[in-house]
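Report on the following structure.
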Amino acid sequence: MIHYNRLLRLSLLLPLALAGCSQEASQETSQVSGQATQAPAASAASTTAVAVDDARLLQGTNDPNVWAHYGGSYNEQRFSPLTDINTDNIADLDLAWFADYDTNQNQHGSPLYVDGVIYVSTARNVVHAFDARSGERIWTYTPIMIPNPNLGLVNRGMAAYDGKVYMGMLDAQLVAIDAATGEPVWTTDTVPPSLGLGAMADQYSITMAPRVANGKVFIGGSGGEFGARGWMAAYDAETGEEVWRFWTVPGNPEDGLEGAHLEAALDTWPDDIAFWEQGGGGTVWDGAVYDPDTNLLIFGTGNGTPWNREMRDPDDGDNLYVASVVAVDADTGEYVWHYQETPGDSWDYDATSPMMTADLVFDGEEKRVLIHPSKNGFVYVLEVATGELISGDIFTGVTWASGIDLETGRPIEVPGARYETEPFNIGPGAPGGHTWHPNAFSPLTGLVYIPTWENYSAMVPQVRPAEGPPPLIAFGG
């Protein structure tokens, strides 16, 4: 991870012919905890709220005046069809303006752009709105920060819809902010006491960018390393009321299971260990995509809790639905299909990295597919409607598996990779071959662009304690 000694800055590059000389950003305004602060003189752009409806969301980057999705469009390809900046004039780009952020820590967020306004979220859940042409700071939203969030300071972005921008918070709140003024419209606790989670509720955080479709805001929670149970939930975009919640791993069977998909999953967990007391993991902390054609919300789930399967399940089960891609009906949250990328994950191979959809031709037949470069070093192509595996190919250094069996869909594991009795040099290592860093797909080249890290970790055997729960955070050793 790179740390900078000065505040990070949002910079905008424009062709010299359009930008003229550089302009300084407006004076930074004071920040009041829990509310918005306005710039002294509002720009013309600040007087219009975000005019993003379902039709504009469907247009995505085909509308040149918006980048309202985390990944540009519902397909999350991060491809722009704009041509004003091209290979002929890119050398003429110059700095038009810059603005300092409130912190230099862990800036993961992708900005949004709507009708002349840029919206950015920073690691501390502070949101800034800037006039895209002048760099003037229109408003700043500053929340009340919890002192020591479990996962540190991370926020990956927002969603824009119906005059509001939406953001998940480090204290597991979901907030809707008025896009014109920066004032909070509503705030929802995503892990309320009514869920009966007890102390587990304190382990949750939200780091992913929300997704929005058809009047609903979709968000998942982080915290699997600290004993949280994974979920994805939908909220009414206007009121913040919960519409549905999908649990990714079973809870205590004596309390009843929330859906038939968990009845099926229970058989893949140990029946002689109270695994639910440590949450189970499978948290939904980043990758997700909405497909309008099928009305499916597709998302990835994180590692099991603890990471090492020998610690959480000596019976060697697959532990559904950890390290999986899951598709649900976006209206109801009902299970549709899943594909488990790393059955019985022992290496912290979350399946939560960003994913994309695309229309590609296979053997003369066009198919809508999901493209998912995963932390485990394989890039998967699945049919969107069914989850059927089309291909799984290695894109970085992989030592734990030699390939994917296309008949069963399961990885072909290398003997000893689970480090049950002997150490093993695992690749990718625990940081993964690819994690939260966004991918891209170009329909012009047909290529997928994947930020990749080749790394390895020495994994050593562990012994489950004779009494009491195993340690939550452990690479082995």
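The values are calculated or read from the model by the stated rules, or taken from the named source; none is laboratory data. Since this is a predicted model, take the numbers as computed values, not measurements. Positions of Cβ are generated from backbone atoms using ideal geometry, with glycine treated the same way; all protein chains shown enter the neighbour counts.
Couple of notes before you dig in:
- Meeting the requirement of 1 or more residues that are surrounded by fewer than 20 Cβ atoms within 10 Å (Cβ to Cβ), the strands (runs of 3 or more DSSP E) wholly within segment 76-124 are 93-100, 107-110, 112-114.
- When SER353 is tested against (1) touching an Asp or Glu at 6+ places or on another chain (Cβ under 7 Å); (2) among the hydroxyl-bearing types (Ser, Thr, Tyr); (3) part of a strand (DSSP E or B), exactly one condition is not met: (3).
- For segment 399-426, a tally of residues being in contact with a Gly (Cβ under 7 Å, 6 or more places away or on another chain) and surrounded by fewer than 21 Cβ atoms within 10 Å (Cβ to Cβ) returns 4.
- Filtered residue count, segment 376-399, keeping only those that are under 22 Å from VAL448 (Cβ atoms) and out of contact with any Ser or Thr (no Cβ under 7 Å at 6 or more places or on another chain): 15
- Condition check for ALA440: over 25 Å from VAL249 (Cα atoms), surrounded by fewer than 24 Cβ atoms within 10 Å (Cβ to Cβ) and touching a Lys or Arg at 6+ places or on another chain (Cβ under 6 Å): yes
- Counting only strands (runs of 3 or more DSSP E) wholly contained in segment 429-472, the ones carrying 1 or more residues that are more than 21 Å from GLY280 (Cα to Cα) and under 23 Å from the mean Cα position of the chain (by Cα) occupy 440-442, 447-449.
- Enumeration of residues in segment 271-292 that are surrounded by fewer than 24 Cβ atoms within 10 Å (Cβ to Cβ) and either at pLDDT 95 or above or under 11 Å from the mean Cα position of the chain (by Cα) (or both): TYR290, ASP291, PRO292
- Pick from segment 96-120, criterion among the hydroxyl-bearing types (Ser, Thr, Tyr) and modelled with pLDDT under 95, ranking: farthest from VAL66 (Cα to Cα): THR103
- Of the strands (runs of 3 or more DSSP E) that lie entirely inside segment 357-397, those containing 2 or more residues that are under 18 Å from SER442 (Cβ atoms) and in contact (Cβ under 8 Å) with a residue 40 or more places away in the chain span 365-373.
- With respect to the conditions (1) under 27 Å from TRP436 (Cα atoms); (2) crowded, with 23+ Cβ neighbours inside 10 Å; (3) in contact with a helix residue (DSSP H, G or I) (Cβ under 8 Å, 6 or more places away or on another chain), ALA160 lacks only one, and its number is (3).
- Residue check for LEU174: at negative phi, part of a loop (DSSP other than H, G, I, E, B) and of a type in the set (A, V, I, L, M): no
- Among the candidates ASP316, ASP345, residue that is modelled with pLDDT under 95 and either more than 19 Å from the chain's Cα centre (by Cα) or surrounded by 24 or more Cβ atoms within 10 Å (Cβ to Cβ) (or both): ASP316
- Residue within segment 130-137 that is closer than 29 Å to SER353 by Cβ, assigned to a loop (DSSP other than H, G, I, E, B) and among the basic types (Lys, Arg) present: no
- Filter pass, ASN295 being crowded, with 24+ Cβ neighbours inside 10 Å, in contact with a strand residue (DSSP E or B) (Cβ under 7 Å, 6 or more places away or on another chain) and not hydroxyl-bearing (Ser, Thr, Tyr): no
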